[in-house]
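In what follows, a single structure is set out as structure tokens and then discussed.
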């Protein structure tokens, strides 16, 4: 095939995504040829002016290989978002960087795989109230478990996670049962927002667990927290999603997603066009 102007990056075993299809169509309306390829495809990436990470949702299984690939793409062409931001965002310890910059986050304790497991598990066991324990590298709430710090099942889960990598420990935010808010930005300009509601009896909002997505109008306080989080990347990004939950009465960042966030374009009329225009500007720079 002739070389496209933009490649939208996905995973080899991922079915076609409606949002990506919408984006390809909007780019075509802007006069930009775009194709969708897996990140590990044997393709001549040097011939593509712009490579955009969209749904490479298998990257965490092969993190070192993926980060090496992003660094390579950054050298031979342009990658959005840039490889340095991807590396930083690939480990959820970045939340502590947000906190250090004064951005409200859901309180987070980082347990490192190099820590003494007994000491790490005592930190969980001594906590009061419900906790969520999850891997520091991962997507889609995979590996996240909710429970009390003195629950043997939670401690066993944390121990297994620590044997494989770093772990985050956070208090369970009761407000998440009413939904998690996601604000989406293109070139640091607000585009749209959604509220992701978990299924009854569930705390994970992803559709794999029965979660649903609804249009949402953010409050001024939510806007302020999200906007404060964006500059912490230190390198300008073309797209970002800020996930918020209310904790003790105020919005707090659960995640700042700048690698491969779902952007919920199909839930917000005009958002695919806004993203396409941002990518066209990036292409023409």
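The values are calculated or read from the model by the stated rules, or taken from the named source; none is laboratory data. What you see is a predicted model; the values in this text were computed from it and never measured. Here the Cβ is made from the backbone with ideal geometry for all residues, glycine too, and neighbour counts use every protein chain on show.
Couple of notes before you dig in:
- So residue 83, is it under 27 Å from residue 225 (Cα atoms), surrounded by 18 or more Cβ atoms within 10 Å (Cβ to Cβ) and either more than 24 Å from the chain's Cα centre (by Cα) or without any contact (Cβ under 8 Å) to a residue 40 or more places away in the chain (or both): yes
- Test: residue in segment 90-101 that is part of a loop (DSSP other than H, G, I, E, B), more than 17 Å from the chain's Cα centre (by Cα) and within 30 Å of residue 225 (Cβ to Cβ): yes
- For the residues 110, 67, the requirement of being assigned to a helix (DSSP H, G or I) and either under 30 Å from residue 130 (Cβ atoms) or without any contact (Cβ under 8 Å) to a residue 24 or more places away in the chain (or both) singles out 67.
Conditions tested, residue by residue: (1) within 28 Å of residue 165 (Cβ to Cβ); (2) touching a residue at least 40 places away in the same chain (Cβ under 8 Å); (3) crowded, with 16+ Cβ neighbours inside 10 Å; (4) not assigned by TED's automatic domain parsing to the domain that holds residue 142.
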{"site": "12", "(1), (2), (3), (4)": "yes, yes, no, yes"}
{"site": "22", "(1), (2), (3), (4)": "no, yes, yes, yes"}
{"site": "39", "(1), (2), (3), (4)": "yes, no, yes, yes"}
{"site": "44", "(1), (2), (3), (4)": "no, yes, no, yes"}
{"site": "47", "(1), (2), (3), (4)": "no, yes, no, yes"}
{"site": "50", "(1), (2), (3), (4)": "no, yes, yes, yes"}
{"site": "54", "(1), (2), (3), (4)": "yes, yes, yes, yes"}
{"site": "62", "(1), (2), (3), (4)": "yes, no, no, yes"}
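- Residue in segment 34-50 that is more than 20 Å from residue 83 (Cα to Cα) and modelled with pLDDT of 95 or more present: yes
Residue by residue, here is whether (1) more than 21 Å from residue 258 (Cα to Cα); (2) surrounded by fewer than 18 Cβ atoms within 10 Å (Cβ to Cβ); (3) touching a strand residue (DSSP E or B) at 6+ places or on another chain (Cβ under 8 Å) holds:
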position	(1), (2), (3)
142	no, yes, yes
158	yes, no, yes
165	yes, yes, yes
168	no, no, yes
172	yes, yes, yes
180	no, no, yes
186	no, no, yes
189	no, yes, no
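- Residue ranges of strands (runs of 3 or more DSSP E) in segment 208-285 with at least 2 members at pLDDT below 95 and surrounded by fewer than 17 Cβ atoms within 10 Å (Cβ to Cβ): 212-215
- Against the criterion of being without any contact (Cβ under 8 Å) to a residue 40 or more places away in the chain and in the same structural domain as residue 231 (by TED's automatic domain parsing), residue 179 qualifies.
- Residue 35 being closer than 18 Å to residue 260 by Cα and either in contact (Cβ under 8 Å) with a residue 24 or more places away in the chain or not in a helix (DSSP H, G or I) (or both): yes
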